[in-house]
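A.B. asks: Before we start, here is the structure in question, set down as structure tokens.
Each reported figure results from applying straightforward, stated rules to the coordinates on display, with no laboratory input. Because the structure is predicted, anything quoted here is derived from the model rather than measured. Please note: Cβ atoms are built from the backbone with ideal geometry, for glycine as well, and neighbour counts cover all protein chains shown.
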Amino acid sequence: MKNSAHTQSTTSLPRAPHDEVHSRSTRYLIMMGVRVLCFILMVFVQPFGWWTWIFGAGAIFLPYIAVVLANVGEDGKTINAVPPGRELEAHPTPPPSSDAHDEVITVRETREIPHPDHAPKDPS
């Protein structure tokens, strides 16, 4: 296993792809709602004046801005990593007492192959 000087922290991981797509879709839909509002205000606000041109520009240019912002991922954002902290204090363990018994535990990870003399006979 590689030891690295910088350990990966859960708080320094990027967002999940599903969450990132949801965030971009929400941002796009909000901007399209603002565009529709600009269009409605451009048509219905009376008397026409300089704000009519602002609403018209919003209705025209917001789709382009919304698409560009929706396609930009969050790769460029810096992630403020929080270093993991120690939750429990580590106390030194006392040395084992002299009357403690050393036990050996054997773990077998493969099944035992029976000897050919002890193999079950085929009843056929």
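A.B. asks: Which number comes out as Rg/Rh for the stretch 15-71 once both Rg and the Kirkwood Rh are worked out on C-alpha atoms?
C.D. replies: On the Cα set of the stretch 15-71, Rg over Rh gives 1.15.
A.B. asks: How do ASP19, ASP117 rank when sorted from fewest to most other Cβ atoms within 10 Å of their own Cβ?
C.D. replies: Fewest-to-most ranking of ASP19, ASP117: ASP117, ASP19.
A.B. asks: Between SER25 and ILE40, what length in nm is gained on full extension when 0.36 nm per residue of separation is reduced by their alpha carbon distance?
C.D. replies: Residue separation times 0.36 nm, minus the Cα-Cα distance, leaves 3.1 nm.
A.B. asks: Neighbour counts of other C-beta atoms within 10 Å: give me GLU109, GLU20 arranged from fewest to most.
C.D. replies: Ordered from fewest to most neighbouring Cβ atoms within 10 Å, GLU109, GLU20 come out as GLU109, GLU20.
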